[in-house]
Each structure stands twice: as C-alpha cells, then as structure tokens.
Amino acid sequence: MAAETVTAQIPAEELEARHLEAEKRYGNFRYQKPEGVSAGKGFVALHRTDLFKAVVQIVKKGGGENNLHYHSRVDTFWMVIKGRVRFYGPNDVLIGEFGPNEGTVTPRFSRYWFESAGDEELELLQVAAYAPHAKDGGRTDVSAQRFVPGTGELYSAAEKK
C-alpha cells in the first residue's frame, strides 16, 4: 500500500517517464576475481546508483586491513565470498568473525574496522545504502589509517552494453 501512496501523487504520464528513465539504468555485472592484485587491497565495482553501491573488496592478509572509522551517510551490508574476516568495534572489541556466506551490517555512525582473518585472500561483498542526496559515505577516521583509502587497485565488473 505504501508504494501506491507515493506513486498515486505522480501524474500517470510523469510516472511512465520515470519508469522509462529508470529502465535505461539496469546494471548487469559478472564478478570474477582479478588475477594478481598486487596492492594490499583491490576493489571490483559491481554497480552503483544514487542510493547504493556494490563492490567486492579483495584484501590480502596483513596488507589491506583498515582503521577504526564510521560513515555518517551510509549503512553497509558485508558478506564474505571467500576467506575469513574479523570485524572490530571501539577498543578492538570483536563484532564477529565470518566465513563464506556470513557477514554483518554496519549502520550509519557505528564505529568499526576489519581485517582478513584466514590464510587465503579475502573476497568481501560490500553493499552500501546511501542517504538520499549523499555525495559520499561521510567517512570519518577515529584512529590512524593502516591502509590509505584510494590506494587500492580498482577494477570494474560492469558488462558492456
């Protein structure tokens, strides 16, 4: 019923135009781990809209862990594809250790950091839901950075149209 309430206020012609515009933005992708990620961390972009982004982070053991931080404009869903990960909160309190098909959600303003916890490279699915009109996730570092954001290797899994 909620969807009807929202769209009932939009004239039919305008609603159809919105449907057609949105349907131009379907985003297909095919994830495959890139060969030879040499930095401590790699990022495979799956898809992004104005409200969410999906990325697979590839984290080398002892090379891609991050620091305690939070995001003021994004909630994030995390799920392990391969390997193991440990998520920590303030004072290095363990939030959880997760293996394949397991994970956690980090709500806006929750402080956390994570590290690869297994012997193999970690492949970690990150789906971030942005607040409407947010230009970024509003990252704020709480402790010194172990891995500098923006220095990982970037890849795209988007299929060419």
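Bear in mind these aren't lab numbers, they're just calculated from the coordinates by the rules spelled out. Just so it is clear, the structure is predicted and the values come from calculations on it, not from any experiment. Here the Cβ is made from the backbone with ideal geometry for all residues, glycine too, and neighbour counts use every protein chain on show.
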Amide H to amide H under 5 Å from His47: which residues, 5+ apart in sequence or cross-chain, H placed 1.01 Å off N in plane? Ala54
Based on alpha-carbon centroids, what's the gap between the range 90-159 and the range 27-43 in Å, whole number please? 15 Å
For a Förster distance of 22 Å, can you work out the FRET efficiency between the beta-carbons of Ala17 and Asp50, rounded to the nearest 0.05? 0.80
In the chain, how many lysine pairs have Cα atoms under 16 Å apart, counting only pairs 8 or more places apart or on different chains? 12
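Where Lys and Arg each count +1 and Asp and Glu each count -1, what net charge lies around Tyr70 among other residues with Cβ under 14 Å from its Cβ? Provide the component values of the computation, followed by the final result.
Numbers: positive: Arg73, Arg108, Arg111, Arg139; negative: Asp75, Asp136, Asp141.
Once positives and negatives cancel, what remains is +1.
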Karplus (6.51, -1.76, 1.60) ³J(HN,Hα), θ = phi - 60°, over the range 130-140, in Hz, Gly and Pro reported as x: 8, 5, x, 6, 6, 8, 8, x, x, 5, 10
Return the long-range amide H neighbours of Asn67 (sequence gap of 5 or more, or a different chain), with a cut-off of under 5 Å between placed amide H atoms. Arg146, Phe147
Considering only Glu23, Glu115, Glu97, give the residue with the highest GNM mean-square fluctuation for the chain, with springs between Cα atoms whenever their separation is below 10 Å. Glu23
Given axes a ≥ b ≥ c from the Cα gyration tensor, I'd like to know whether the range 40-156 is rounded (a/c under 1.5), prolate (a/b larger than b/c) or oblate. rounded
